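Input: a single structure, listed below in structure tokens.
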Amino acid sequence: MSMKSNRKIWGVLVTAALVTGMLAGCGTNQESAESSTKTVESTEEGTGESTGEAAAEKEAGGEKITLTFGSHQSGLPTSEVVQDLAKKFEEETGVVIDFQISPDAQWRDLIKVKLDSGEAPDIFCADTPINLASSMQMDEYCVPLTDEEWVSRIDENVLPAISIDDDVYGITFPGKKMYFYIYNKEIFEEAGVEVPATYEEFKNVCRKIKDLGYTPVYEATTNGWHQVLPLFETGGLYLSKDTELYNKLNKNEMDFDQVPDLLTIIEQLQECAELGYFGDDYLSNAVENAKEAIASEKAAMFIAEAAWRNEVVADFPDFDAGKLGIFVMPWGDNQVIGVNPASNAYFINKNSKYVEEAKEFFEFLARPENLQARLDGQPGLSEVCWPEIPGRYSEEDSAYIDAHDKATVVQVAVNYVDYQWMDVGKDLESMYAGAMTPEDVLKAFMDRRNEQAVLQKDESWAE
Amino acid sequence: MDRNKIYPWYFTGGAVFIYSLLCFIPGVLGILYSFTDWNNFSREINFVGLKNYISVFSGHSEYMSFIGNTLLFTIATTILKTVAGFCIALLLTQKFIKFKNFHRMVIFSPQVMSYLVVGLVFRSMLHPTTGFVNNFLKSIGLERLALNWLTDLKLVFPSVITVDVWKGMGYIMVVIIAGLVSISSAYYEAADIDGASFWQKTKSITIPLLKPVIINVIILNVTYGLRVFDMIYSLTNGGPGNATGVINTAVYKEFSKGNLAMGTTLSSILFFFILALLYFILRSMDHKEMET
């Protein structure tokens, strides 16, 4: 009997010990987390992952400050020019910038969670535009920068992408993006064709080039995004028929089936694919291999930014980039250059302890010599969005660009387009494979847009 | 029986607590979320009843095609893997085969590789112009057979299924070999004395005695097939278009769109489906055991 009760008592005691052990474990966890941040703080280049605010270190002479800077991979140029500038900034001011870089695919969700939980870094990079209903609510999380000196020096066309209402919240560097058909002048000459201005001319060019044995257009659908460019970079064409189009779409007063040119372009893409103008393997191709296809002169045309030619030369130094020209995508007889002012921008966390130091870093980045360094450090960039720094467009390109009208692309001005970019890419792939018609592609796009608007409780979609 | 030897129930407390905290409660929560409008864009979570389930089974033909693809993939891979695994196992337990263990190792080795690696390797091997498969076919004069394996709507599903069977049949083979080895040779000797042919022995001795093993193999294949994700994701990413999308690729897409409730709805459907299927398979197994 006594044995039995003994065992019971032991049982209870052991269970109690286990439970207290667990609770105590939770308690000390926090303490140890705090103490671990302290150790991070005391090392000079600590990766203060968990610290919401910057880690500060007392030094003999005074206070040394570390600012945390969170970004996705494509937010910082691969040449690490921003990191180099940060080192110079440290030499000058003693403020250390600690970079924390995450994969592109995860960043949008990760930074949102971090901002919500108050664990965001002092400075962070996020994709722009931030003024769409479907963007992150930067006015809730970030320090307004409207009164900074450098704001007046940024290209005014870019400001809306980093502003909410009339307040500027971020600093941005990449210049506006413009996609063209990059074409091989020698192949065009050999085929005896000129740069096309209408879709019919474009088809004619493709036919003659195909007859010579070249692939007229290098297209690649496996990356998911490239095939979508003709649909939304041609916003100027849509706007030319109705200047209020973007507003009407955002207010849900009309939908994309009332933009007949969009369906026309989808049908034209299908026609070109069927005629073999994208080659045989476009459904298996990757965008990364376009440089090889153009440099080896297997293909005559490819949609890219003008500065993409520098990347071709960087990978294939023997290739003469002078052979490559640019022309506007002539889908739907479009002759307007699509301008995308958005890219990504850096923001200052409202809850940071060191807002002033972060502002100082932005000022440092905005100095003319540092803007120039930024442009020089990124060969794929045509220009920065700071008019005082001359861009890299050649005279020939500049003349071509100046001679054409420009208009904002659809995805930065109309809600619920950009977020489903990859889905539209998949639908186009379905269309090329024969599983969808152009009408299906358009309908699926409109359905997703309406679905997302309802999900986000958009007022214009309220019944 | 000495009652003192039985430990009191609360000794399981710790394990039950951890199990429910880490496994059971999150599972139930996941199912509960499928009855809400939980998403990335608002902090409110409202109860919406069966709305998500209704939209899966009605208007959205896309979801139904994902469910259909999942079933097709499961049925095809289960049959092919079991048949192929069984045949190879039978072959590699015959006396006239030399270096049995070497052959077994070679056939089993794809199982050890990561799905992502297999998917990416096959994607480049099946590329229409630069891939190994088509270049090989062309070099031996079979140009006609050099096709667009992963982009032709008619071929893409068979291609994916073939790669998956290639990867998975080794494992099934190993399980079946273990079953074959455990069959007493006395049965075969008796059959030999009666003058039974190989086919008669296989039909009347091997297959009946392997039944429990084969049922286990089928359960393994079915649960794998219904939950397939990485193979499809790395090989075709559900493409071309959505031609090879399955339930789990759809779940992934819904989560990345921020429609978290729809993601949990689709995975709950999968959960209930597997549960129901397993119940029937296990019931039929119990039944068999009672008969014997």
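The values are calculated or read from the model by the stated rules, or taken from the named source; none is laboratory data. Note that this is a predicted model, so its numbers are computed, not measured. Ideal geometry is used to build each Cβ from the backbone, glycine not excepted, and the neighbour counts take in all protein chains shown. Accessible surface is based on the protein model in full, side chains and every heavy atom, while ligands, DNA and RNA are left aside. Shrake-Rupley method; radii C 1.70, N 1.55, O 1.52, S 1.80 Å.
Would chain B count as rounded, prolate or oblate if I go by the C-alpha gyration tensor, calling it rounded below 1.5 in a/c and otherwise prolate when a/b exceeds b/c, oblate otherwise? It would help to have the intermediate numbers written out before the result.
Working: a/c = 2.28, a/b = 1.15, b/c = 1.99.
Oblate shape, in that a/c is at least 1.5 and b/c is the bigger or equal ratio.
Sum up the charges of everything whose Cβ sits under 12 Å from the Cβ of A:Gln335, counting Lys and Arg as +1 and Asp and Glu as -1, but leave A:Gln335 out.
Details: positive: A:Lys406; negative: A:Glu201, A:Asp333, A:Asp405.
Residues near A:Gln335 contribute -2 overall.
In deg cm²/dmol and to the nearest 500, what is the mean residue ellipticity at 222 nm of chain B if only DSSP H runs of at least 4 residues count, each as -39500 (n - 2.57), divided by the residue total? Mind showing how you got there, number by number?
Working: 14 runs with 197 residues, N = 292.
Helix contribution divided over all residues of chain B: -22000 deg cm²/dmol.
Top to bottom by accessible area (1.4 Å), largest first, where do B:Arg43, B:Arg227 land? If you can, show how the numbers build up before the last one.
Values: B:Arg43 180, B:Arg227 130 Å².
The most accessible residue leads, giving B:Arg43, B:Arg227.
What does the net charge come to around B:Ile177 if you take all other residues with beta carbon closer than 15 Å to its beta carbon, with K and R at +1 and D and E at -1?
Numbers: positive: B:Lys81, B:Lys95, B:Lys100, B:Arg104; negative: none.
After counting each charged neighbour, the total is +4.
Just to be sure I understand: of the beta bridges DSSP finds with both ends in the protein assembly as shown, what percent are antiparallel, rounded to 5?
Details: 25 of 39 bridges.
Within the protein assembly as shown, antiparallel bridges account for around 65 percent of the total.
Ignoring ligands, DNA and RNA and using a 1.4 Å probe, state the total buried accessible area between A and B in Å², rounded to the nearest 100.
Details: alone 22120 and 18130 Å², together 37850 Å².
Result for this pair: about 2400 Å² buried.
Ordered by packing density, taken as the mean number of other Cβ atoms within 10 Å over each peptide's residues, highest first, how do B:81-93, B:273-285, A:139-151 rank?
On the way: B:81-93: 19.2, B:273-285: 12.2, A:139-151: 15.8.
The densest-packed peptide leads the list: B:81-93, A:139-151, B:273-285.
Could you work out how far the C-alpha centroid of the range A:291-322 sits from that of the range B:45-116, in angstrom?
Cα centroid of the range A:291-322 versus Cα centroid of the range B:45-116: 43 Å apart.
Which of the residues in the range B:1-40 show a loss of at least 20 Å² in accessible area from their chain by itself to the complete set of protein chains, at a probe of 1.4 Å?
Relative to the lone chain, where solvent access is computed with a 1.4 Å probe, the range B:1-40 loses at least 20 Å² at B:Asn4, B:Tyr10, B:Phe11, B:Phe17, B:Asn39, B:Asn40.
On a C-alpha basis, how far is the centre of the range B:158-203 from the centre of the range A:62-130 in Å? Whole number, if you could?
The range B:158-203 and the range A:62-130 have Cα centres separated by 59 Å.
Leaving ligands, DNA and RNA out of it, report the carbon-plus-sulfur percent of the accessible area of the range B:1-141 at a 1.4 Å probe. Before the final figure, lay out each step's value.
Working: 6800 of 9360 Å².
With neighbouring chains kept in place, the figure for the range B:1-141 is 73 percent.
State in Å² the accessible area per residue of chain A; use a 1.4 Å probe, count heavy atoms of protein chains only, and round to the nearest integer.
Numbers: 20910 Å² over 463 residues.
For chain A, the per-residue accessible area is 45 Å².
Partner chain Cβ atoms within 10 Å, averaged over the residues of A:281-287 - can you pull that number for me?
Numbers: counts 7, 1, 8, 13, 4, 1, 0.
Rounded to a whole number, the mean comes out at 5.
Mind giving me the FRET efficiency for B:Met125 and B:Lys5? R0 is 45 Å, r the Cβ-Cβ distance, nearest 0.05 is fine. Please list the in-between numbers first.
Working: r = 61 Å, r/R0 = 1.35.
In this case the efficiency is close to 0.15.
For A:Asp155, enumerate residues with amide H under 5 Å from its amide H, sequence gap 5+ or separate chain, H modeled in the peptide plane.
Amide H to amide H, under 5 Å and 5 or more residues apart or across chains, A:Asp155 pairs with A:Trp386.
Under unit Cβ charges (Lys, Arg +1; Asp, Glu -1), what dipole magnitude, rounded to 20 debye, does the range A:341-463 have relative to its Cα centre? Don't skip to the answer; put the middle values down first.
Working: 12 positive and 24 negative charges, 89 e Å.
About 420 debye.
Expressed as a whole number of Å, what is the distance separating the alpha-carbon centroids of the range B:1-44 and the range A:407-463?
Taking the Cα centre of each part, the range A:407-463 and the range B:1-44 sit 40 Å apart.
Within 10 Å of each Cβ in A:440-447, how many Cβ atoms from other chains are there, averaged over the peptide?
Working: counts 1, 1, 0, 0, 3, 0, 0, 3.
Partner-chain Cβ atoms within 10 Å, mean over residues of A:440-447: 1.
Please work out the FRET efficiency for the pair B:Lys98 and B:Lys154, using the Cβ-Cβ distance as r and a Förster radius of 51 Å; give the result to the nearest 0.05. Don't skip to the end; give the middle numbers.
Values: r = 41 Å, r/R0 = 0.80.
Using R0 = 51 Å, I get an efficiency of 0.80.
Please give the calculated 222 nm ellipticity per residue for chain A, where each DSSP H segment of at least 4 residues contributes -39500 (n - 2.57) and the sum is spread over every residue; nearest 500 deg cm²/dmol? Please report the intermediate quantities before stating the final value.
On the way: 18 runs with 200 residues, N = 463.
Computed ellipticity for chain A at 222 nm equals -13000 deg cm²/dmol.
Calculate, for A:Ala399 and B:Glu44, the FRET efficiency according to 1/(1 + (r/R0)^6) with r their C-beta to C-beta distance and R0 45 Å; round to the nearest 0.05.
Working: r = 55 Å, r/R0 = 1.21.
Plugging the Cβ-Cβ distance into 1/(1 + (r/R0)^6) gives 0.25.
Strictly over 20 Å apart at the Cα level, which of A:Lys177/A:Lys203; A:Lys210/A:Lys426; A:Lys443/B:Lys257; A:Lys185/A:Lys291; A:Lys208/A:Lys426; A:Lys210/B:Lys154 would you flag in this model?
A:Lys177/A:Lys203; A:Lys210/A:Lys426; A:Lys208/A:Lys426; A:Lys210/B:Lys154
How many Cβ atoms of partner chains, on average, are near each residue of B:87-99 if near means within 10 Å of its Cβ? Spell out each step's value before the answer.
Working: counts 0, 0, 0, 0, 0, 0, 0, 0, 0, 0, 0, 0, 0.
Mean shielding by partner chains, rounded to a whole number: 0.
Can you tally the net charge around B:Gly168? Count Lys and Arg as +1, Asp and Glu as -1, for every other residue whose Cβ sits under 14 Å from the Cβ of B:Gly168. Could you put the intermediate results ahead of the total?
Numbers: positive: B:Lys81, B:Lys167, B:Arg227; negative: B:Asp164, B:Asp230.
Residues near B:Gly168 contribute +1 overall.
Under a straight-distance cross-link criterion of Cα-Cα below 17 Å, which lysines are reachable from A:Lys114, leaving out those fewer than 8 residues away in the same chain?
Leaving aside lysines fewer than 8 places away in the same chain, those within reach of A:Lys114 are A:Lys350, A:Lys353.
Mind running the shape call on chain A? Use the C-alpha gyration tensor, a ≥ b ≥ c as the square roots of the eigenvalues: rounded below 1.5 for a/c, prolate if a/b tops b/c, oblate otherwise.
Working: a/c = 2.08, a/b = 1.62, b/c = 1.29.
Verdict is prolate for chain A.
For A:Val339, what residues show an amide H to amide H distance below 5 Å, using hydrogens built from the backbone and excluding near sequence neighbours?
A:Ala407, A:Thr408, A:Val409
Packing-wise, with mean Cβ within 10 Å as the measure, how do A:301-312, B:121-132 rank, highest first?
Most protected by this proxy first, the peptides run A:301-312, B:121-132.
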